[in-house]
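Following: one structure in structure tokens, then a few remarks.
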Amino acid sequence: MNNSSWLKLISSIEFPFSKLKPNKNNVKKALVSSIEKLPEKYGILFSGGLDSNIIALLSKNKKVTCYCVGLEGSQDIEWAKKSAKLLNLKLKVKTYTLKEVERSLKKVVKILKTNDVTKVSVGLTVYLAMKLVKEKHIVTGLGAEEIFAGYHRHKKANSEKELFEESWAGLKRCYKNDIERDTKIAKALKKKVFTPFLDKDLIIAAMHIKPKDKIKKGYKKYILRQIAEELGLPEELAFRKRKAAQYGSNILKAIEKLSKKAGYKYKKDYLSSICESFKYPFTYVSNMLLNKNSLDILEGFSNDYNKRIYGTNIAKKLKMNQKTVSNILNKLEKQDILKFSCEGKNKYYFLNKFNSNIKEVIKLIEIEKKIKFVNKNNKFKELFNKLEEKAKGILIVFGSYSTYTNTKKSDLDLFVAGKISEVDDLEELYNIKINVIKSNKQKFNKEEHIIQEIIKNHIILKGVEEFIDLIWQA
């Protein structure tokens, strides 16, 4: 299985919202059948959460052992023990030390070859659990979140149809986001992983359930909880609200502690240093190739993450062939970077904020804008470098320089969210007037005119991720 064959499989069973045929009994039968198809002997990655509890409950007629890992104070270990007692399960638990986590973290980064915090933290949790498993075959609950609407992003959907479509889109991303990660880790440990919730028949049955029955009464995966209870899972286990694996196990906290111990403010920078120690180049978005035209088109969304743009307007603004623009927009939509809505015959495109990698795409756009800006103003390249050295926090160019309408007499307008030392020496050295507006993240207010101007037209010299987060949250 690879990403291409996975996408082909999901596309072959996908159906439109108008063809929903909900049947809870079909889901129940498919769920039981997906467990029956598993080998006779295997280890279950067990957290005491809904998905692993269901797998363990339905595996009573097989030779299975449940495995749970975490650090001291782990909620997963606490609940795994409680579940094992209630369900009479064979459970093996290991509480790892920070030193053991550090050693394994480096191995996981080496396996996954990425600095992505989510992928590495989840991957590390999976690695530590799989390492404990004695059996060759390992079963996980991967896929339940996608087909039964278990992610926070599913709650953000504005309609049943949007939730339905996002669930299919999430399934299509599932190989790159999750399956590939777990498969690589299993292969490194000479194990084979099974995912019953991604059984073809179960996916079809679950996707036919009405979206409103998946998120209900404040619970995600509501219908799966009902089914679990009907199958014999105690209510306190069926309706337990659990944190994601990297949180419940305390693995993410461990990575944060290790980052600070190594002198890094951000976890991503710490993971990048590990990548570099193995001499692995990492990309901002794995396996995503965005050419110059794609980045030019996406740049139009960098000043408003909720903006909707009509394709014809993009072609006019960039003076590009309409067919070329249309082809690029279609490709970006297939890559889950953009989504569109139709108004009459017109297609309006907007950023797919449901895509967990969309901030990384925005980061690429901002970096490309900076490269273009520095090349255009090459005589000030050293000045920009020195300004970056003087600044701590976010450093942004706005005003006439950011819109390329500057003249020889134009001032250089800077916005700093943080601290910057005096720039008088640079003004004299480079013969340019520099205006600095100072602020901080706490005072950042999108309603202020000057902030609106900066968001509309900006070049980020320093603090790309911080600025993106600031606009995202503001």
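Values in this text are rule-based calculations from the coordinates and carry no lab data. Note that the structure is predicted; figures quoted are calculated from it, not measured. A quick note on method: Cβ atoms are made from the backbone with ideal geometry, for glycine too, and the neighbour counts reach across all protein chains shown.
If you take every DSSP beta bridge whose two residues both sit in the chain, what share of them, in percent to the nearest 5, is antiparallel?
On the way: 20 of 41 bridges.
Around 50 percent of the beta bridges assigned by DSSP in the chain are antiparallel ones.
Amide H neighbours of CYS66 under 5 Å, at least 5 residues apart or on other chains, H built in the peptide plane: list them.
Counting only residues 5 or more places away or on other chains, the set is ILE44, LYS90, LEU91, LYS92.
Take the Cα atoms of the range 388-449, build their convex hull, and give its volume per residue in Å³.
Each residue corresponds to 90 Å³ of Cα convex hull volume.
Kirkwood hydrodynamic radius, computed over distinct alpha-carbon pairs, for the chain: how many Å, to one decimal?
About 24.8 Å, per the Kirkwood formula over Cα pairs.
Rounded to the nearest 0.05, what FRET efficiency do SER33 and GLU100 give with R0 = 30 Å and r taken as the Cβ-Cβ distance? Could you check?
Efficiency for this residue pair is about 0.20.
I'd like the orientation of helix 251-261 relative to the chain: the angle between its Cα long axis and the longest Cα principal axis, in ° from 0 to 90, rounded to 10.
Approximately 40 degrees, to the nearest ten.
Could you work out [θ]222 nm for the chain from helices alone, using -39500 (n - 2.57) per DSSP H run of at least four and dividing by all its residues? Round to the nearest 500 deg cm²/dmol. Working shown, then result.
On the way: 24 runs with 239 residues, N = 474.
After summing the helix terms and dividing by the residues of the chain, the value is -15000 deg cm²/dmol.
So what's the angle, to the nearest 10 degrees on a 0 to 90 scale, between helix 3-13 and the longest Cα principal axis of the chain?
That helix lies at roughly 70 degrees to the long axis.
Starting from the Cα-Cα distance between PHE239 and ASN346, subtract it from 0.36 nm times their residue separation and give me the gain in nm to one decimal.
The span from PHE239 to ASN346 would gain 34.1 nm if fully extended.
Using only Cα atoms and rounding to the nearest 10 degrees, what angle (0 to 90) does helix 464-473 make with the longest principal axis of the chain?
The angle comes out at about 70 degrees.
Order of MET1, MET207 from fewest to most other C-beta atoms within 10 Å?
Result, fewest neighbours first: MET1, MET207.
If we count other beta carbons within 10 Å of each Cβ, what is the order of LEU20, LEU224, fewest first?
Taking fewest neighbouring Cβ atoms as first place, the list is LEU20, LEU224.
Per residue and in cubic angstrom, what volume does the convex hull of the Cα atoms of the range 288-433 have?
133 Å³
Please list the equivalent ellipsoid semi-axes of the range 292-351, computed as the square roots of five times the alpha-carbon gyration tensor eigenvalues, in descending order and whole angstrom.
So the three semi-axes of the range 292-351 are 15, 14, 12 Å.
Multiply the residue separation of LYS217 and GLU333 by 0.36 nm, subtract the distance between their alpha-carbon atoms, and state the gained length in nm to one decimal.
Details: separation 116, 0.36 × 116 = 41.76 nm, distance 3.29 nm.
In short, 38.5 nm is gained.
Starting from the range 55-131, pick out the GluC sites (Glu not before Pro) whose DSSP state is loop and whose Cβ has at most 14 other Cβ atoms within 10 Å.
Answer in residue order: GLU72.
Spin-label point model (7 Å from Cα, Cβ direction): what's the LEU429 to ASN306 distance in nm?
4.3 nm
Suppose the chain between LYS438 and GLU160 were pulled fully straight at 0.36 nm per residue; how much longer would it get relative to their current alpha carbon spacing?
Working: separation 278, 0.36 × 278 = 100.08 nm, distance 4.44 nm.
Length difference between fully extended and current span is 95.6 nm.
What FRET efficiency comes out for LYS136 versus PHE15 if R0 is 41 angstrom and r is the Cβ-Cβ distance? Round to the nearest 0.05.
The computed FRET efficiency comes out at 0.70.
Along Cα→Cβ, 7 Å out, is where each label goes; now give me the distance between the ones at TYR264 and THR118 in nm to one decimal.
Placing both labels 7 Å along Cα→Cβ, they lie 1.8 nm apart.
Over 24 Å between Cα atoms, which of LYS381/LYS433; LYS110/LYS369; LYS113/LYS441; LYS106/LYS253; LYS19/LYS155; LYS214/LYS268 qualify?
LYS110/LYS369; LYS113/LYS441; LYS214/LYS268, as the Cα separations exceed 24 Å there.
Using Cα-only point scatterers and the Debye equation, what is log10 of I(q)/I(0) for the range 3-277 at each q in 0.07, 0.09 Å⁻¹, rounded to two decimals?
For the range 3-277, the Cα-only Debye profile gives -0.24, -0.41.
Near ILE203, within a Cβ-to-Cβ distance under 12 Å, what is the net charge of the other residues, with Lys and Arg +1 and Asp and Glu -1? Kindly include the intermediate steps, with their values, before the conclusion.
Working: positive: LYS172, LYS200; negative: GLU14, GLU146, ASP199, ASP201.
After counting each charged neighbour, the total is -2.
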